[in-house]
Amino acid sequence: MRTGLYGLVAEFERHEDLLKAAREACRAGYRRMDAFAPFPVQGLPEALGRKRSRMPALFLAGGILGGTGAYFMEWYANVVSYPLNIGGRPFHSWPSFIPITFELTVLGAALAGFFSCLALNGLPRLHHPIFGVPGFERASVDRFFLCIETADPKFHPVGTRRFLETLHPFRIAEAQA
Amino acid sequence: MTGNVVRSRLDGVQTSALIAGGAGVALCIFGALADTRQFFISYLFGYLFWLGLALGCLVLLMIHHLTGGRWGFPLRRFFEAAIMTLPLMALLFLPLFFGLRELYPWSRPEVVAASALLRQRHFYMNGPAFVMRAAVFFALLVWTARTLNKWSFLQDDTADPAPTRRLRTLSGPGIALYPFLATFAYVDWILSLETDWYSTMFVVLIIIGQILTALAFCIVLLAWLRSEEPYSRVVTTTNFHHLGSLLLAFVMMWAYMAFGQLLIIWSGNLPAEISWYLHRIAGGWKWVISLIAIFHFFLPFFLLLSRDIKRRVAALATVAAVIFFAHLADVFWLISPSFYRTGFSIHWMDAAAPAAVGGLWIAAFSARLKSRPLLVSNDPRQKDLPPDEH
């Protein structure tokens with residue numbers, strides 16, 4: 001396990017301050033950072049400089065895969081593998097294939113979304129350095145946190161701390177990896 | 001008074017609509033003398049398309065009174081102006097009373113005499129009963145429309161929550177009452193065009209199509225007026241994003257209903273039911289329904305999945321316009337094949353009749369819209385909305 005500093009964490013009392021701090025940090029060139037708040041703060045992802053989420057594209061890919069897979073499966077089963085005369089209809093009867101195609105489109109999209117959400121969030125994991133920050137449990141009650149990670153190319157143990165001080169946080173803490 | 005640019009634009013729309021409507025009416029009168037049967041077929045199609053637009057607005061308005069939400073506030077006056085065309089639409093329904101014999105098999109004595117089914121149905125499906133059901137339908141909906149308008153304008157002038165509460169109290173039962181009334185109406189007006197056919201899903205499909213068209217129409221109109229006062233103060237890109245998502249939901253719901261009905265009837269494959277579809281895929285009709293499938297569902301569905309298209313107002317308005325015209329084709333496809341069962345047929349009156357009704361409808365709509373404040377005020381739920389990002 002790695003040891004040492006994971007990042008510097010500034011704690012704020014109001015969500016407006018967190019939003020302002022995130023904008024300032026982004027303007028100062030920091031990118032490897034994260035914010036923590038008890039409720040979704042509108043505009044926070046953009047303030048952190050986050051690009052558009054990749055989730056919609058992954059959902060779409062899962063849906064297309066599920067839908068085409070389902071239609072192919074039904075076509076293969078009914079036309080190639082085991083042709084069966086049902087009510088004198090053609091083997092390739094598309095209306096009867098649509099419900100399954102629809103269901104598996106939804107299933108494919110949902111599974112792709114669920115698993116890529118876990119993967120992109122780095123889950124499952126048992127511990128995160130941010131939990132070691134004193135008082136961090138209040139991130140789910142009434143406090144707002146901004147963490148700048150050491151992994152950021154612009155990170156400097158002294159310079160970054162000074163920068164965070166200019167944002168007038170409630171306090172600054174170190175997150176140990 | 002704000003909104004002078006909007007009002008002068010609506011003046012222009014009203015004038016052109018009156019000219020188009022007048023020309024359409026003149027052509028229809030000429031057509032009715034030349035080919036009476038074709039006139040009634042075309043008129044039924046053109047009339048029901050525009051009536052559907054007004055009724056879709058009625059449903060959307062009642063939904064918005066019940067749910068609130070930022071998506072509906074800029075559109076409220078569009079909905080209210082649209083439902084105030086219902087008295088005009090009731091008047092325009094009158095010509096159809098003279099065409100029952102041309103349109104409906106149950107109103108031709110020789111057909112009824114030859115069909116055991118129609119003889120049994122005669123106590124319900126006959127001229128006076130048809131007229132009475134239409135009268136009840138329009139009386140109740142015109143009353144609802146006028147009341148919703150009256151209370152909404154009372155709401156503008158008072159901080160008292162009473163009009164808001166009354167609007168909600170009427171919208172709840174109203175939204176339940178409408179599908180009930182529409183079931184009787186559309187069974188008479190469209191479903192009974194063919195003797196044997198019935199479908200319990202049909203009226204739901206009609207209602208969803210109306211809502212979809214109404215939403216598409218309002219999106220196009222809002223996109224056209226968005227950069228003028230007073231809309232420029234309140235309408236944001238996010239607003240269009242939400243409307244685009246709502247449009248996508250109704251596109252999917254329409255496709256779900258349309259395909260659901262087809263799947264059930266196709267699976268059953270019973271002569272009385274499937275014949276309706278056989279008339280509608282005969283000859284050139286199958287190309288019409290193919291185009292409807294593309295432009296009423298597939299194209300809008302895939303385009304509206306994209307966040308960028310929903311946020312680009314011109315693109316969203318284009319998709320909405322495509323849906324609007326695809327629905328015009330859809331109403332045509334629901335009605336005309338009952339009379340041309342062997343293949344595609346279109347008559348010049350199929351353009352003149354929607355133009356006549358549509359011209360009068362748009363003129364009445366614009367006149368109403370510009371005569372009142374263009375935005376609602378004093379809706380208590382408007383104040384509690386969180387600030388919107390642009």
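The values are calculated or read from the model by the stated rules, or taken from the named source; none is laboratory data. Bear in mind the structure is a predicted one, so any value in this text is a computation, not a measurement. All Cβ positions, even for glycine, are placed from backbone atoms using ideal geometry, and neighbour counts span all protein chains on display.
If you check B:Ile309 against the conditions, is it among the β-branched types (Val, Ile, Thr) and within 14 Å of chain A (Cβ to nearest Cβ)? Break it down into steps so the answer makes sense when it comes.
Values: among the β-branched types (Val, Ile, Thr): yes; within 14 Å of chain A (Cβ to nearest Cβ): yes.
When the stated conditions are applied, B:Ile309 passes them.
Kindly check whether there is at least one residue in segment B:350-368 that is more than 14 Å from every other protein chain (Cβ to nearest Cβ) and not in a helix (DSSP H, G or I). I'd like the intermediate steps shown before the answer.
Looking only at segment B:350-368, we keep the residues that are more than 14 Å from every other protein chain (Cβ to nearest Cβ), and these are B:350-368.
Now drop any that are not not in a helix (DSSP H, G or I), which leaves none.
Among the residues of segment B:350-368, not one is more than 14 Å from every other protein chain (Cβ to nearest Cβ) and not in a helix (DSSP H, G or I), which makes the answer no.
What tally of residues in segment B:171-194 results from selecting those that are crowded, with 16+ Cβ neighbours inside 10 Å and touching a residue at least 60 places away in the same chain (Cβ under 8 Å)?
11
Looking at B:Leu248, B:Leu262, B:Leu304, which one is over 30 Å from B:Pro74 (Cβ atoms), out of contact with any Cys (no Cβ under 9 Å at 6 or more places or on another chain) and within 14 Å of chain A (Cβ to nearest Cβ)? I'd like the intermediate steps shown before the answer.
Details: B:Leu248 fails: over 30 Å from B:Pro74 (Cβ atoms); B:Leu304 fails: over 30 Å from B:Pro74 (Cβ atoms).
After ruling out the rest, the residue left standing is B:Leu262.
Quick test for you: out of B:Ser152, B:Ser107, B:Ser115, B:Ser171, pick the one residue that is in contact with a His (Cβ under 7 Å, 6 or more places away or on another chain) and of a type in the set (Gly, Ala, Ser). Can you show your working first?
On the way: B:Ser152 fails: in contact with a His (Cβ under 7 Å, 6 or more places away or on another chain); B:Ser107 fails: in contact with a His (Cβ under 7 Å, 6 or more places away or on another chain); B:Ser115 fails: in contact with a His (Cβ under 7 Å, 6 or more places away or on another chain).
Exactly one residue qualifies, and that residue is B:Ser171.
Could you tell me whether any residue of segment A:74-87 is within 11 Å of another protein chain (Cβ to nearest Cβ), farther than 19 Å from A:His168 by Cα and exposed (fewer than 13 other Cβ atoms within 10 Å of the Cβ)? Spell out the reasoning first.
Quick first cut of segment A:74-87, residues within 11 Å of another protein chain (Cβ to nearest Cβ) only: A:86-87.
Still in the running and farther than 19 Å from A:His168 by Cα: A:86-87.
Subsequent filtering for residues that are exposed (fewer than 13 other Cβ atoms within 10 Å of the Cβ) retains A:86-87.
There is at least one residue in segment A:74-87 that is within 11 Å of another protein chain (Cβ to nearest Cβ), farther than 19 Å from A:His168 by Cα and exposed (fewer than 13 other Cβ atoms within 10 Å of the Cβ).
Given the criteria hydroxyl-bearing (Ser, Thr, Tyr), touching a Lys or Arg at 6+ places or on another chain (Cβ under 9 Å) and within 14 Å of chain B (Cβ to nearest Cβ), does A:Ser116 qualify?
Spelling it out, it is not the case that A:Ser116 is hydroxyl-bearing (Ser, Thr, Tyr), touching a Lys or Arg at 6+ places or on another chain (Cβ under 9 Å) and within 14 Å of chain B (Cβ to nearest Cβ).
I need the full set of residues from segment B:194-251 which are under 27 Å from B:Pro179 (Cα atoms), more than 18 Å from the chain's Cα centre (by Cα) and in a helix (DSSP H, G or I), in order please. Steps first, answer last, please.
Filtering segment B:194-251 down to residues under 27 Å from B:Pro179 (Cα atoms) leaves B:194-221, B:242-251.
From what's left, more than 18 Å from the chain's Cα centre (by Cα): B:194-200, B:242, B:244-245.
Listed by number, the residues that qualify are B:His242, B:Gly244, B:Ser245.
Given the conditions (1) more than 13 Å from chain A (Cβ to nearest Cβ); (2) in a helix (DSSP H, G or I), which single one is not true for B:Phe297?
(1)
Identify all residues within segment A:118-137 that are without any contact (Cβ under 8 Å) to a residue 12 or more places away in the chain and either more than 26 Å from A:Leu5 (Cβ to Cβ) or in a helix (DSSP H, G or I) (or both); write none if there are none. Steps first, answer last, please.
Going residue by residue through segment A:118-137, those that are without any contact (Cβ under 8 Å) to a residue 12 or more places away in the chain are A:118-119, A:121-128, A:131, A:137.
Those that are without any contact (Cβ under 8 Å) to a residue 12 or more places away in the chain and either more than 26 Å from A:Leu5 (Cβ to Cβ) or in a helix (DSSP H, G or I) (or both): A:Leu118, A:Ala119, A:Phe131, A:Glu137.
Name, by its number, the condition in (1) out of contact with any Asp or Glu (no Cβ under 9 Å at 6 or more places or on another chain); (2) of a type in the set (Gly, Ala, Ser); (3) buried (at least 18 other Cβ atoms within 10 Å of the Cβ) that does not hold for B:Gly260.
(3)
Since B:Leu94 meets every condition but one in (1) in contact with a helix residue (DSSP H, G or I) (Cβ under 9 Å, 6 or more places away or on another chain); (2) without any contact (Cβ under 8 Å) to a residue 24 or more places away in the chain; (3) not charged (D, E, K, R), which condition does it not meet?
(1)
Any residue at all in segment B:231-248 that is farther than 26 Å from B:Leu10 by Cβ, surrounded by 21 or more Cβ atoms within 10 Å (Cβ to Cβ) and touching a residue at least 40 places away in the same chain (Cβ under 8 Å)?
No: zero hits.
Spot the failing condition for B:Tyr43; the list is (1) hydroxyl-bearing (Ser, Thr, Tyr); (2) within 30 Å of B:Pro337 (Cβ to Cβ); (3) over 22 Å from the mean Cα position of the chain (by Cα), and only one is missed.
So B:Tyr43 meets the others, but not (3).
Could you tell me whether any residue of segment A:83-98 is modelled with pLDDT of 95 or more, among the small types (Gly, Ala, Ser) and more than 13 Å from the chain's Cα centre (by Cα)?
no
Condition check: under 22 Å from B:Gly127 (Cα atoms) and of a type in the set (A, V, I, L, M). Does B:Leu91 satisfy that?
On the way: under 22 Å from B:Gly127 (Cα atoms): yes; of a type in the set (A, V, I, L, M): yes.
It is true that B:Leu91 is under 22 Å from B:Gly127 (Cα atoms) and of a type in the set (A, V, I, L, M).
Checking the conditions here, which among B:Ala34, B:Ala20 is hydrophobic (A, V, I, L, M, F, W, C), surrounded by fewer than 19 Cβ atoms within 10 Å (Cβ to Cβ) and under 20 Å from the mean Cα position of the chain (by Cα)? Explain how you work it out, then say what you get.
Details: B:Ala34 fails: under 20 Å from the mean Cα position of the chain (by Cα).
It is B:Ala20.
Can you pull out every residue in segment B:210-237 that is hydroxyl-bearing (Ser, Thr, Tyr) and over 13 Å from B:Ile323 (Cβ atoms)? It would help to see each step written out before you state the result.
Residues of segment B:210-237 hydroxyl-bearing (Ser, Thr, Tyr): B:213, B:227, B:231-232, B:236-237.
Listed by number, the residues that qualify are B:Ser227, B:Tyr231, B:Ser232, B:Thr236, B:Thr237.
From B:Ala26, B:Ala20, which residue is part of a helix (DSSP H, G or I) and without any contact (Cβ under 8 Å) to a residue 60 or more places away in the chain? Walk me through how you get there before you give the answer.
Working: B:Ala20 fails: without any contact (Cβ under 8 Å) to a residue 60 or more places away in the chain.
Of B:Ala26, B:Ala20, the one residue that is part of a helix (DSSP H, G or I) and without any contact (Cβ under 8 Å) to a residue 60 or more places away in the chain is B:Ala26.
Quick one: B:Ser227 ticks every box in (1) without any contact (Cβ under 8 Å) to a residue 12 or more places away in the chain; (2) within 14 Å of chain A (Cβ to nearest Cβ); (3) of a type in the set (Ser, Thr, Tyr) bar one, so which box is it?
All conditions are met except number (2).
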